[in-house]
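My questions will all concern the structure given below.
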Amino acid sequence: MLPSKLPSPRLIPADSVRPLRWGIIGPGMIAEVFTDATHKHTNQRVVAVASQTPGRAEAFAEPRGIEVALDSYEALVARPDVDVVYVATHPQHHRAHAELAIAAGKHVLIEKPLAPTAEDAQAIANAAAAAGVLVMEAMWTRYLPQTDVIRQIVSEGILGDITLVQSDFGQALHHIPRLVDPIAGGGLLDLGIYNFAFTSLVLGVAEKVSASGTLTTSGVDDTVSVLLGYHSGAQAAITTSLAAFTPTAASISGVKGMLTVGEPFFTPTSLTLFGADFNPAAVATWKDESGIVAHEGLSYQATALASYVEQGLTDSPARPLAEAVSDISLIQQARHQIGAFLSGEARN
C-alpha cells in the first residue's frame, strides 16, 4: 500500500557548516546568480573574482561587496585566503581552469556540464583524486530538498521496481551563440545534462544508449530523443531541444506507482505520488515551501560542498564525479549517433 504522506527532506542547515572563502573564475550570468543566492541563503562568502576581460571582475565585485577583483586566474588560485574555486567559464575551458585550481590545492565547484567530453571529465576526476581535494560538478538539482525526498522514495521501494524514467527539457535558444557553437554547444550538454543526471539518480549507469535527432545549421545537436536501457530491464526516455519550449517535466514509474516532479523539474518544485491503478487522484503530495525559489536553489550546493569539506570528503556523495563522467559519456555517445561532433572530436 502506498503511503499517504511523502518523506520530509533531510537538509544540511546552511548555518551549521563552517563558512568557506570562495573565489570565482568567470564572472558571467550563472556566477552572478550563484553568488547572489549563496550570499542570501548561506553563510558562505565569495571573497575574490577573476576575469580576463578588462573591467568585468570589478563590475561583478563592486555591487556584491567583494573586495578582490583580478585579471588573472593564476593570481586568484594562488591566494591563501581562497578555500574553494567556482569555475563558471564556458565548458570548453572547464578542464584547464579546474586543473589550475586543483594544482593550487583548492577545492573546486565546476559549473555543469563538468566538461564537454568524457575524456576531459575523467581527466578532471583523475587530477582531483591525485591532489586529494574535493571537486564537484555544479549539478545543483542534486542538492535540492525534492531530490532528497526522491532518494528516499526510491530507496524505500515505495514505487516498487522502476520500469521507466521520463524527462524533457526544451527552450528556444538558437539566439545564444555559445549554444550553437561546435566548440562545446548543443542541447544535450547544456540542457540534457539535467535529464541525464535525473535519470542516473534513479537508475544508475545505463547499459545501452540509442538516439535520434536533428542538428542546427552549425552542426550541434538541436532536438534529440534518447532511449537508455539498463541491466534491470528499466528504460529511460529523454528529450531535449534548442528549437522549442517544452514542459520540462519528469516522472518515475514503478510497478507500484508513479512519481511526477513539478515543472520545471530541475528547480525547487513539488512531487506527486500516484497509484498504479489509473486513478487520476493523487495518493500523496509534497511541495517545496522553503522560500528558496527558482535558481536561488543554486545556494544548496554551496552549503553541501562546505559540509563535505568539513567532513574531509574528496567526492560528493550526492553527485560522485564518476557518475558525472558516465553521464557525459552517454551524452557523447548520443551526440555521435546523430552526427553531432564537437570541434576536434574524432569521427570514427
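Please specify each residue of the range 219-239 satisfying the condition of being surrounded by fewer than 15 Cβ atoms within 10 Å (Cβ to Cβ), over 18 Å from residue 251 (Cβ atoms) and hydroxyl-bearing (Ser, Thr, Tyr).
none
Check every one of the strands (runs of 3 or more DSSP E) wholly within the range 170-255 and list those with 1 or more residues that are closer than 21 Å to residue 341 by Cβ and in contact (Cβ under 8 Å) with a residue 60 or more places away in the chain.
Ranges flagged: 208-215, 221-229, 235-241.
Next question, about the same structure. Give the residues of the range 2-59 that are free of Cβ contacts under 8 Å to residues at least 24 places away in the same chain and on the phi > 0 side of the Ramachandran plot, sorted by residue number.
55 - this is the single residue of the range 2-59 that is free of Cβ contacts under 8 Å to residues at least 24 places away in the same chain and on the phi > 0 side of the Ramachandran plot.
Among residues belonging to the range 289-304 that are touching a His at 6+ places or on another chain (Cβ under 7 Å) and not hydroxyl-bearing (Ser, Thr, Tyr), point out the one that is most open to solvent (accessible area, probe 1.4 Å).
296
Right, here's the next one. Specify which of the listed residues (246, 285, 260, 272) is among the polar types (S, T, N, Q) and more than 25 Å from residue 160 (Cβ to Cβ).
After applying the criteria, what remains is 246.
Also, I was wondering about something else. Among residues belonging to the range 1-40 that are touching a Phe, Trp or Tyr at 6+ places or on another chain (Cβ under 7 Å) and assigned to a loop (DSSP other than H, G, I, E, B), point out the one that is nearest to residue 295 (Cα to Cα).
27
Condition (residue is closer than 20 Å to residue 301 by Cβ and open to solvent by less than 60 Å² (accessible area, probe 1.4 Å)) applied to the range 66-74: is it met by at least one residue?
Yes; the residues of the range 66-74 include at least one that is closer than 20 Å to residue 301 by Cβ and open to solvent by less than 60 Å² (accessible area, probe 1.4 Å).
Filtering the range 112-141 down to residues that are within 17 Å of residue 83 (Cα to Cα), of a type outside the set (Val, Ile, Thr) and touching a helix residue (DSSP H, G or I) at 6+ places or on another chain (Cβ under 8 Å), which residue is most open to solvent (accessible area, probe 1.4 Å)?
Among those residues, the one meeting the criterion is 131.
Further question: Within the range 183-209, how many residues turn out to be open to solvent by less than 10 Å² (accessible area, probe 1.4 Å) and of a type in the set (A, V, I, L, M)?
So the count comes out to 5.
Conditions first: (1) outside any helix (DSSP H, G or I); (2) open to solvent by 20 Å² or more (accessible area, probe 1.4 Å); (3) touching a residue at least 60 places away in the same chain (Cβ under 8 Å). Residue 82 passes all but one, so which condition is the exception?
Residue 82 satisfies every listed condition except (2).
Does residue 148 qualify as being farther than 26 Å from residue 240 by Cα, surrounded by fewer than 24 Cβ atoms within 10 Å (Cβ to Cβ) and among the charged types (D, E, K, R)?
no
The values are calculated or read from the model by the stated rules, or taken from the named source; none is laboratory data. It should be emphasised that the depicted structure is a prediction, and the values quoted were computed from it without experimental measurement. Because the Cβ atoms are built from the backbone with ideal geometry, glycine has one as well, and the counts that use them run over all protein chains shown. Ligands, DNA and RNA are excluded from the accessible area calculation, which covers all protein heavy atoms including side chains. Shrake-Rupley method; radii C 1.70, N 1.55, O 1.52, S 1.80 Å.
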